[in-house]
Each structure stands twice: as structure tokens, then as C-alpha cells.
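Participant: There's a structure below that I have some questions on.
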Amino acid sequence: MARKAKLPLVAICGRPNVGKSTLFNRIVGRHSAIVHDEAGVTRDRAYGVAEWDGRKFRVVDTGGIVEDPTDPVTHKMQEQVKAALDEASIIVFVIDGQHVLTKGDFDIRDNLFKHSKPIIVAANKLDNARLRENRTEFYELGLGDPIAVSSGHGLGIEDLVDAIAAHLPEKVEHVEEIEERQVTRVAILGKPNVGKSSYVNAILNEERSIVDDTPGTTRDAIDIDFRWKGKDYLLIDTAGLRKKAGIRKEVERFSVARSLRAVRRADVCLVLMNADEGITEQDKRIVSYIVEQGRAMILVWTKWDLVQDKERRFKDLADEIEFKAPFLKHVPSVTISNVTRQRVFTVFEYIDRVAAEAEKRIPTHELNKFVEVLRANQAPALHHGKIARIKYATQVSVKPTTFVLFVNKKGFFHFSYLRHIENQLREKYGFDGVPVVLELREGEKREEEG
């Protein structure tokens with residue numbers, strides 16, 4: 001995945017609920033932003049990349065512009081909008097084409113003028129020929145030809161992107177599109193208010209994601225390119241995962257779905273948990289889903305600055321894992337403080353190690369030597385007096401790390417014996433933080449595998 005930091009940036013802005021996120025999704029060609037009729041769904045900046053007529057550019061979706069924000073989250077949303085406009089090369093000002101211009105639209109226009117950047121007016125929700133006649137009313141803004149679009153129906157998108165392309169550089173030879181590099185995708189997961197967005201902000205040393213004491217502040221999964229010690233990462237900051245009974249709004253169900261999708265996209269999952277609380281039932285549900293998806297993970301205990309007796313608490317947390325979630329004993333854990341930034345970058349050493357473990361493959365000949373040693377060092381497992389015998393073994397995949405064991409009879413293998421085999425595999429080869437799947441097949445070995 002190439003880094004795109006130097007591509008021209010197009011900022012999409014406007015009042016709440018005028019269709020900015022739908023338009024963003026149309027331009028980048030995928031559903032990257034949550035779309036809902038509820039105003040104010042978009043809070044953080046969401047980035048994507050588009051290509052038109054051989055020219056690439058980045059696009060940023062922003063929260064709705066509010067003239068006088070009254071609560072802390074809305075106020076921080078406006079700071080995010082300002083940061084996007086400051087960063088942008090081109091501004092797309094989206095207005096609701098089915099409504100007359102308001103004082104708020106003119107106030108936004110006056111503010112956009114101050115940025116001294118090309119401004120394109122997109123009159124949205126003009127879904128048919130009759131509605132498209134409304135376009136002429138928006139010349140009053142004095143921003144040139146308004147582009148009639150319907151982001152919901154995909155109408156006028158080519159005209160809009162043509163208008164954007166007119167302001168892009170003619171040649172892209174000087175754009176820093178660095179050679180393809182390996183990028184590690186890292187999903188940042190956890191319950192609401194455990195410090196996921198604070199962790200991202202501590203790494204970047206800026207308020208890239210909105211942080212507030214209100215649980216559920218982050219609504220969408222946000223992709224953030226990050227480089228550390230010469231390595232590239234894609235950080236996916238996700239919405240907090242509540243238990244089902246706590247999900248009351250439809251938009252929150254969308255947020256949870258995006259968070260679960262982030263797990264499936266990730267190479268490594270960071271599971272953030274409050275060090276004061278320890279591991280909860282909801283934390284166990286989250287890690288169980290990660291295990292089901294076969295993704296590598298690291299346990300990250302947050303708010304470590306609030307812990308008094310750190311040595312004792314770390315031991316208590318280890319004991320909790322052993323007794324409440326023994327299936328996580330192979331998962332590395334680290335303590336951090338987003339406030340003091342203690343060990344926030346140490347986490348990347350764990351990420352690198354676990355990502356490498358998730359890619360590990362054991363050659364078939366070596367794996368079968370391991371099986372021979374396993375048989376020699378332990379009496380074979382018995383099932384009603386019959387021997388459970390492994391004839392042949394091979395690793396067939398990573399992500400999930402899956403081993404196929406060709407056996408005489410699947411029913412002879414008790415889950416405790418399979419757990420023993422997994423433990424021996426881990427003791428020999430590692431696989432720290434990586435779920436291991438043992439698949440049993442009856443019959444002779446397959447020479448083509450491995």
C-alpha cells in the first residue's frame with residue numbers, strides 16, 4: 001500500500017445533513033463514511049483516495065458546520081472541520097438544493113473565502129430534471145457555476161469531479177507517491193470510553209480524533225496513515241463496542257458494524273481495556289470475535305497513570321486473564337497512559353512482533369518432525385481404548401493460522417488433547433498473540449498440500 005500524504009486534498013464541507021458523507025462515498029467509490037438521516041453523524045475527519053482522468057487526489061469528509069456550537073463534542077467537530085479546510089487544496093461546499101439559501105450558508109461562504117482556495121458549490125439532492133432547475137438560485141453565493149448533483153442517485157458526480165480536476169495539477173510526476181511498501185493494518189478496539197481515540201491522538205500529538213468524556217463520541221471507523229521508525233501502519237480508530245442491550249440508536253448499530261469490519265480488515269488488533277476495571281464480560285466478547293476472525297491481537301491496559309500500586313496491579317491483571325480468560329494466556333499485554341504518553345510507542349514493538357507471528361509458516365517436513373516428537377514423548381491419547389493417531393500434518397494458511405491434521409478418526413480426539421497439541425505448537429514455534437486453528441481430517445495425507 002503506497003503512502004498518499006502528498007496527494008492534493010479536496011475537503012467536503014457544509015451544514016449538517018446536506019449529504020456530505022454520501023457524496024464522499026460516491027467520489028471515493030466505496031462506503032467509507034456512515035450515512036444516516038440523523039444530523040451530525042460524521043464527527044471526525046474521514047479520508048479516502050479518488051482517481052479521475054489519470055490524476056489521483058485525496059478527499060476528506062467533515063462534520064456539519066455549526067455556527068454556535070453549544071456542547072464540547074460539537075465544538076471539537078468544528079475544530080476538525082477547520083483543520084481539514086486548512087489542510088485542503090480545494091474545497092467543495094455542499095448545500096441542500098431542495099432548500100433556499102440561509103444566513104448560515106452565507107456565513108459559511110464568508111468563512112471559506114478567508115482560506116483563499118478554489119471553492120466549488122455542489123447543490124445536492126437535485127434528484128430529477130425539475131429539481132435541477134433549482135441550481136440557478138445558488139449563483140447568489142457568488143462562487144461561480146453551482147454543480148447540480150444527487151449523491152444519493154449518483155447524478156452529476158462526473159460534472160463535479162471534472163470541476164475538481166480542473167484545479168488539480170496537470171502532471172503528477174512531482175507528487176510524492178512513494179514506492180509500494182508493506183503496511184500493517186492495526187484496528188484499535190474496545191468498549192466506549194477506554195481511551196481509543198485518546199491513544200491515537202497521543203501517538204499523533206494532535207487531536208486527530210474527537211475525544212470527550214461522553215461514551216460513544218467516535219461514530220465511524222477512521223483510517224489514519226502513520227509512519228514509525230521507517231515502517232508504515234494504517235491505524236483504524238473504531239467506535240466503542242457496547243453489548244447489544246446498550247445499543248439504542250440505529251446509527252450506533254452502523255458504528256458497531258464498522259468496528260467489526262475493522263477487525264476483519266486488520267493484521268493486528270489492539271484491545272484497549274481500563275486497567276482499573278480489569279477484563280469485563282464485554283471485553284471477553286470483543287476478544288472472542290477477534291479469535292473467531294483469526295486475527296492477531298495485543299491486550300493494552302489503559303489509564304495506567306491512575307494506578308497506584310502498579311507492580312501489584314499488573315500481577316492481578318495477569319491472574320485475571322489466567323482465571324477469567326485462559327484462552328488469552330498466549331496474548332502479549334502492555335500498559336500505557338495516554339495522558340503521560342508512557343509506552344504509547346512501545347506498543348508498536350509489540351505490533352511488529354505479533355504481525356510477524358501472524359505471517360509465520362512452518363514447513364511441512366518440519367511440522368511432521370514435530371508430530372513425531374509429540375508421539376514419542378507422550379503416550380497416545382485413547383478414546384474408549386482406541387488410539388487417536390495423527391498420520392500427517394500441514395499448515396494450510398495464515399490469517400487465520402490453520403493447521404490440518406490428517407487423523408485416523410476425528411471422534412477419537414478429545415478437545416483437551418487438541419488443546420495440548422496447540423500448547424505444544426506454541427511452546428515450539430511461538431505464535432504469540434495469534435489464534436491457532438487445528439482442523440481434523442480423516443484419511444491419508446495429501447501430497448499436494450504443504
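Participant: Taking the stretch 264-285 on its own, how many of its residues are surrounded by fewer than 22 Cβ atoms within 10 Å (Cβ to Cβ), in contact (Cβ under 8 Å) with a residue 40 or more places away in the chain and assigned to a helix (DSSP H, G or I)? Walk me through it before giving the result.
Facilitator: Of the residues in the stretch 264-285, the ones surrounded by fewer than 22 Cβ atoms within 10 Å (Cβ to Cβ) are 264-265, 267, 274, 276-282, 284-285.
Keeping just the survivors that are in contact (Cβ under 8 Å) with a residue 40 or more places away in the chain gives 265, 267, 274, 278-280, 282, 284-285.
Pick out the ones that are also assigned to a helix (DSSP H, G or I) and you get 265, 282, 284-285.
Residues in the stretch 264-285 being surrounded by fewer than 22 Cβ atoms within 10 Å (Cβ to Cβ), in contact (Cβ under 8 Å) with a residue 40 or more places away in the chain and assigned to a helix (DSSP H, G or I): 4 in total.
Participant: Cβ contacts < 9 Å: first residue free of Cβ contacts under 8 Å to residues at least 12 places away in the same chain and part of a helix (DSSP H, G or I), restricted to the stretch 79-107; second residue surrounded by fewer than 13 Cβ atoms within 10 Å (Cβ to Cβ) and acidic (D, E), any location; separation 6+ or different chain. Result?
Facilitator: Close Cβ pairs (under 9 Å, with a partner that is surrounded by fewer than 13 Cβ atoms within 10 Å (Cβ to Cβ) and acidic (D, E)) amount to K103/E67.
Participant: Would you point out which residue out of F431, F403, F327, F415 is assigned by TED's automatic domain parsing to the domain that holds Q293 and either in contact with a Leu (Cβ under 7 Å, 6 or more places away or on another chain) or closer than 20 Å to E292 by Cβ (or both)?
Facilitator: Values: F431 fails: assigned by TED's automatic domain parsing to the domain that holds Q293; F403 fails: assigned by TED's automatic domain parsing to the domain that holds Q293; F415 fails: assigned by TED's automatic domain parsing to the domain that holds Q293.
Of the residues listed, the single one that is assigned by TED's automatic domain parsing to the domain that holds Q293 and either in contact with a Leu (Cβ under 7 Å, 6 or more places away or on another chain) or closer than 20 Å to E292 by Cβ (or both) is F327.
Participant: Might you let me know whether the stretch 306-323 holds any residue that is touching a residue at least 60 places away in the same chain (Cβ under 8 Å) and either surrounded by 13 or more Cβ atoms within 10 Å (Cβ to Cβ) or within 24 Å of the chain's Cα centre (by Cα) (or both)? Walk me through it before giving the result.
Facilitator: To start, the set of residues in the stretch 306-323 that are touching a residue at least 60 places away in the same chain (Cβ under 8 Å) comprises none.
No, that holds for no residue.
Participant: Give the residue that is modelled with the lowest pLDDT, with candidates limited to residues of the stretch 44-65 that are assigned to a loop (DSSP other than H, G, I, E, B) and surrounded by fewer than 23 Cβ atoms within 10 Å (Cβ to Cβ). It would help to see each step written out before you state the result.
Facilitator: Going residue by residue through the stretch 44-65, those that are assigned to a loop (DSSP other than H, G, I, E, B) are 44-45, 53-54, 62-65.
After this cut, where a residue has to be surrounded by fewer than 23 Cβ atoms within 10 Å (Cβ to Cβ) as well, the list is 45, 53-54, 64.
Values: R45: 60, D53: 80, G54: 80, G64: 81.
Ranking the candidates gives R45 first.
Participant: Residues that are part of a strand (DSSP E or B) and free of Cβ contacts under 8 Å to residues at least 40 places away in the same chain: does the stretch 415-431 have at least one? Step through it out loud before you land on a result.
Facilitator: As a first pass, look at the stretch 415-431 and keep what is part of a strand (DSSP E or B): none.
The answer is no; no qualifying residue exists.
Participant: How many residues does the stretch 80-109 contain that are surrounded by fewer than 18 Cβ atoms within 10 Å (Cβ to Cβ) and more than 14 Å from R15 (Cβ to Cβ)?
Facilitator: 5
Participant: Further, regarding this structure: Identify, please: which residue in the stretch 371-391 is surrounded by 16 or more Cβ atoms within 10 Å (Cβ to Cβ) and assigned to a helix (DSSP H, G or I) and is, among those, modelled with the highest pLDDT?
Facilitator: V371
Participant: From the list D232, D225, which one is in a strand (DSSP E or B), surrounded by fewer than 19 Cβ atoms within 10 Å (Cβ to Cβ) and at pLDDT 85 or above?
Facilitator: Values: D225 fails: at pLDDT 85 or above.
Testing whether each residue is in a strand (DSSP E or B), surrounded by fewer than 19 Cβ atoms within 10 Å (Cβ to Cβ) and at pLDDT 85 or above leaves just D232.
Participant: Here's something else I'd like to know. Could you identify the single residue in F348, F431, F403, F413 that is aromatic (F, W, Y), at pLDDT below 90 and crowded, with 17+ Cβ neighbours inside 10 Å? Break it down into steps so the answer makes sense when it comes.
Facilitator: Numbers: F348 fails: at pLDDT below 90; F431 fails: at pLDDT below 90; F403 fails: at pLDDT below 90.
The match here is F413.
Participant: Additional query: Mind checking which residues of the stretch 145-170 are part of a loop (DSSP other than H, G, I, E, B) and more than 14 Å from D96 (Cα to Cα)? I'd like the intermediate steps shown before the answer.
Facilitator: Quick first cut of the stretch 145-170, residues part of a loop (DSSP other than H, G, I, E, B) only: 145-146, 149, 151-154, 156, 166-170.
D145, H153, G154, G156, A166, H167, L168, P169, E170, listed by residue number.
The values are calculated or read from the model by the stated rules, or taken from the named source; none is laboratory data. Being a predicted model, the structure only gives us computed values, none of them experimental. Cβ sites come from the backbone with ideal geometry, for glycine too, and all protein chains shown count toward neighbours.
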